[in-house]
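Asks: One structure, pasted below without further comment.
The values are calculated or read from the model by the stated rules, or taken from the named source; none is laboratory data. All values derive from a computational prediction rather than experimental measurement. Virtual Cβ from ideal backbone geometry, glycine too; neighbours counted across all protein chains shown. With ligands, DNA and RNA removed, areas are computed over all heavy atoms of the protein, side chains included. Shrake-Rupley method; radii C 1.70, N 1.55, O 1.52, S 1.80 Å.
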Protein chains: 2
Amino acid sequence: MTTRPDPVQPADAEALTLARDLLQSARHAALAVIDPETGTPGISRIAFGLDPQGCPLTLVSALAAHRAALAAQPAAAVMVGEPGEKGDPLTHPRLMIRVMAEFVDRSAPDHAAIRDHWLTDHPKAKLYVDFADFSFVRLRPVSALLNGGFARAYRLSPEDLVPAPN
Amino acid sequence: MTTRPDPVQPADAEALTLARDLLQSARHAALAVIDPETGTPGISRIAFGLDPQGCPLTLVSALAAHRAALAAQPAAAVMVGEPGEKGDPLTHPRLMIRVMAEFVDRSAPDHAAIRDHWLTDHPKAKLYVDFADFSFVRLRPVSALLNGGFARAYRLSPEDLVPAPN
């Protein structure tokens, strides 16, 4: 019984560009997981980047609580697009993505390419990227919502988030 | 079978001060919920403040997806402490709080005090705070984790988060 119009619109060209810009420029994100001990939501800040194919990616320590959560329950959600110092933070655009986490095995054939690509965007990570207790985790999009400010919400598909080939 | 030392320490005086400062200065936050349709995590940016007793509080629109999620499943998590423009965002302190959401009924005796207190910290909200489809929701802390940067994590209780009386 829906009595209101759906406030979320399909993405237009401007929304697609904004969503891809947010993804490509983000170096950190907020991650929502389900805590395996309590079954309730957990939240944390993560390092964020893209793999060479444009799939969202993070690098996590074995000490982080969200690492255990993602290993136990790969369904998660991630938000990029930090408000600036000025203006109303709720009008600043942000992209919220439902994802499935996929750990990248260190012996996987594409691990070296992922590592090199990550270090291009996160040069300080060279201090710890090769430690045995750090792992890359792909955050493969299931669906996404772009909020460009009040009354400007757009639904996006996983394909919408992939950068156009050069 | 724990083979590592627990990386999380009990909070000391410095950690308590930092946690309370993050809470008091935050005007927005990231919120993790469980999506009632899929049972998987959802994430969004919310307006954030404290009620007159120092309890975390948000003001939500009925159009927001997280409003329906909180109504269906009040267990949630909130993160405050935005990284600045400079420096490594993962070394910027942030406070992650597991909460239970409690909607504040507009006819509740303390609604007027909550509304007035909110408008002091969020003056622009006077444009919509009295709209029928906006609700205050207390985010009552269950437990909290302060991350002050690499290897500086502290566990806090709900009592730790309440500001000291003047």
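Asks: For segment B:75-83, just list the computed ³J(HN,Hα) in residue order, Karplus coefficients 6.51, -1.76 and 1.60, θ = phi - 60°, integers in Hz, with x standing in for Gly and Pro.
Replies: 6, 8, 9, 9, 10, 10, x, 7, x
Asks: Expressed as an acute angle from 0 to 90° and rounded to the nearest 10, what is the orientation of the C-alpha long axis of helix B:111-121 relative to the principal long axis of chain B?
Replies: Once rounded, the angle reads 60 degrees.
Asks: Another question, then. With a point put 7 Å past each Cα toward its Cβ, work out how far residue B:27 is from residue A:129 in nm, to one decimal.
Replies: About 3.7 nm, to one decimal.
Asks: Given H placed 1.01 Å from N in the peptide plane, which residues other than close sequence neighbours of residue A:75 have an amide H under 5 Å from its amide H?
Replies: The list, which skips near neighbours in sequence, is A:101.
Asks: Could you order A:40, B:38, A:120 by accessible surface area, starting with the largest, using a probe radius of 1.4 Å?
Replies: Working: A:40 35, B:38 80, A:120 105 Å².
Result, largest first: A:120, B:38, A:40.
Asks: Here is a follow-up. How far apart are the residue B:123 label points across copies, placing each 7 Å from Cα toward Cβ, in nm, shortest first?
Replies: Label-point separations across copies, in nm and ascending: 4.2.
Asks: Right, another one. Go through segment B:98-105 residue by residue and turn each phi into a ³J(HN,Hα) via Karplus (6.51, -1.76, 1.60, θ = phi - 60°); whole Hz please, and just put x for glycine and proline.
Replies: 7, 9, 10, 7, 10, 5, 9, 5
Asks: Defining the label point at 7 Å along Cα→Cβ, can you sort the distances from residue A:54 to the same site in each other copy, shortest first, in nm?
Replies: 4.9
Asks: Starting from segment B:76-165, pick out the chymotrypsin sites (Phe, Trp or Tyr not before Pro) whose DSSP state is loop and whose Cβ has at most 11 other Cβ atoms within 10 Å. It would help to have the intermediate numbers written out before the result.
Replies: Working: sites: B:103, B:118, B:128, B:131, B:134, B:136, B:150, B:154; in loops: B:128, B:131, B:150.
Counting only loop positions with at most 11 other Cβ atoms within 10 Å, the chymotrypsin sites (Phe, Trp or Tyr not before Pro) in segment B:76-165 are B:131.
Asks: Once the label point is placed 7 Å from Cα along Cβ, list for residue B:157 the distances to the corresponding points in the other copies, in nm, shortest first.
Replies: Reported distances to equivalent positions: 5.3 nm.
Asks: Would you mind finding the longest exposed-site-free stretch of chain A, with exposed GluC sites (Glu not before Pro) meaning DSSP loop and at most 16 other Cβ atoms within 10 Å?
Replies: Working: sites that count: A:37, A:85.
Result for the longest clean stretch: A:86-166.
Asks: May I pose another question? Before anything else, pin down the relative contact order of segment B:1-123: Cα pairs under 8 Å, at least 6 apart, normalised by residue count, whole percent.
Replies: Values: 159 pairs, mean separation 27.8, N = 123.
Computed value for segment B:1-123: 23 percent relative contact order.
Asks: Quick one: accessible area per residue over the protein assembly as shown, 1.4 Å probe, rounded to a whole number of Å²?
Replies: On the way: 16390 Å² over 332 residues.
Per residue, the protein assembly as shown has 49 Å² of solvent-accessible surface.
Asks: Counting only protein heavy atoms and using a 1.4 Å probe, what share of the accessible area of segment B:1-129 belongs to carbon plus sulfur, as a whole percent? Please list the in-between numbers first.
Replies: On the way: 3430 of 6190 Å².
Roughly 55 percent of what the probe reaches on segment B:1-129 is carbon or sulfur.
Asks: So what J values fall out for segment B:20-29 if you push phi through Karplus, 6.51 cos²θ - 1.76 cosθ + 1.60 with θ = phi - 60°, rounded to Hz, Gly and Pro as x?
Replies: Those phi angles translate into 5, 5, 4, 5, 6, 8, 6, 10, 8, 7 Hz.
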